[in-house]
1. Does region 128-282 come out rounded, prolate or oblate, given a ≥ b ≥ c as the square roots of the eigenvalues of its C-alpha gyration tensor, rounded meaning a/c under 1.5 and, failing that, prolate meaning a/b above b/c?
2. In whole percent, and with a 1.4 Å probe on the protein chains, what portion of the accessible area of region 256-325 is carbon and sulfur?
3. What FRET efficiency, computed as 1/(1 + (r/R0)^6) with R0 = 45 Å and r the Cβ-Cβ distance, is obtained for Arg17 and Lys119, rounded to the nearest 0.05?
4. Highest mean first, what order results for 235-241, 224-230 on Cβ atoms within 10 Å?
5. At 1.4 Å probe radius, can you tell me the per residue accessible area of region 150-244 in Å²?
6. Who wins for biggest fluctuation among Gln112, Gln125, Gln178 in a Gaussian network model of the chain, springs between alpha carbons below 10 Å?
7. Percent of alpha carbon pairs in the chain separated by more than 28 Å?
8. Between rounded, prolate and oblate, where does region 75-150 land on the alpha carbon gyration tensor, with a ≥ b ≥ c its root eigenvalues, rounded for a/c under 1.5, else prolate if a/b exceeds b/c?
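The values are calculated or read from the model by the stated rules, or taken from the named source; none is laboratory data. Keep in mind that what you see is a predicted model, and the values were worked out from it rather than measured. Here Cβ is always computed from backbone atoms with ideal geometry, including for glycine, and neighbour counts include all displayed protein chains. With ligands, DNA and RNA removed, areas are computed over all heavy atoms of the protein, side chains included. Shrake-Rupley method; radii C 1.70, N 1.55, O 1.52, S 1.80 Å.
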Amino acid sequence: MRKYWNALRYGNAKTKRILISVILLFLLFIAGIILAAKGSVIWGLIAVFAIIMDIVLLQSVRFGEKEMIAAKTTKEKKKAIKNKEFSDIAQITEEDIKQLLIAYHVTASHVQVMIDSYKKEGIKQSPAYMWKAKGYLNFLILENKPRNLAVPLPQVTKITYQQNVEVNPLTEYEQMRQPSVVNAMYQEFLPVYKERMAGARHYYTKNLYMLESGICITNTSMKNAHQVLQVPIVFTGLVDERYSRYYRSAYEMKILLLDQVLSSEEYKQQISEMLKQMADEEGEDQEYFDDLALMVRARLVTQEVAKYFMEYRRKQEKARKHQKQ
């Protein structure tokens, strides 16, 4: 009986289905015997059929002890790693990470990100794996006690850019300063700090991206996050409204380029499409030239690119005038 019990607990899906069928057929056999004893011939035949099918099904199952032991060991390992606590994330080994990925069913399409904060769940400056599965955005958080966090995808419809969050770098990511496997894997996802001056005050800032659910990730994680989440990135109040929508759009593209969300080729393509649309739009030439000059000054486009589209606009203007004649 023990091997049947182990097969039911640790066997594969096919084995479990067969054993459940055996149990149901055995119950049908018992019911048939009882009713046959009361004079029902049909139920007697059903009982005979049920016991024959039971025997056939049991003989079709192969109970390999090695396979059962391996399945049991795997389940025990999964339970053990989920319950394991570390004194510090620096204690997490490569083998621990491998077992965690298996235990939490992390898909092959996962990416690495650094969660700067998620107040709702008390997460602060923690490395994580991120992936989508079954309608959820999943995170495996590497903390002293690693855990899984799942957010329904319908709740994540946009990502908001947060600029110049003031911080003290000396108190940030303390657990990531020790030499460790996790440190080596996630060093590139630490935030980029900018040194600033305001009069006599000297301070530092960092830029973050906040998922709509409230999860903030570092700017260096956004490239990976964007591979999993194809949702709009929103820039609110980044550039003064007195600037044209084209200038604001170019400024946003440059940020995405710096954070490697856009590759150099993607940036060139998108900025060229925008500049063409800008040149095709009818309006005052001086406003157009002033806009281009601002973009050059802010290093959003090169002088050569600006000259190309200025010439393109002149040709378009000449063509329009010729059509009207």
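1. The shape class here is oblate.
2. 48
3. Efficiency at R0 = 45 Å is approximately 0.50.
4. Packing order, densest peptide first, comes out as 224-230, 235-241.
5. 54
6. Judging by the Gaussian network model, the answer is Gln178.
7. Of all Cα-Cα distances in the chain, 62 percent exceed 28 Å.
8. oblate
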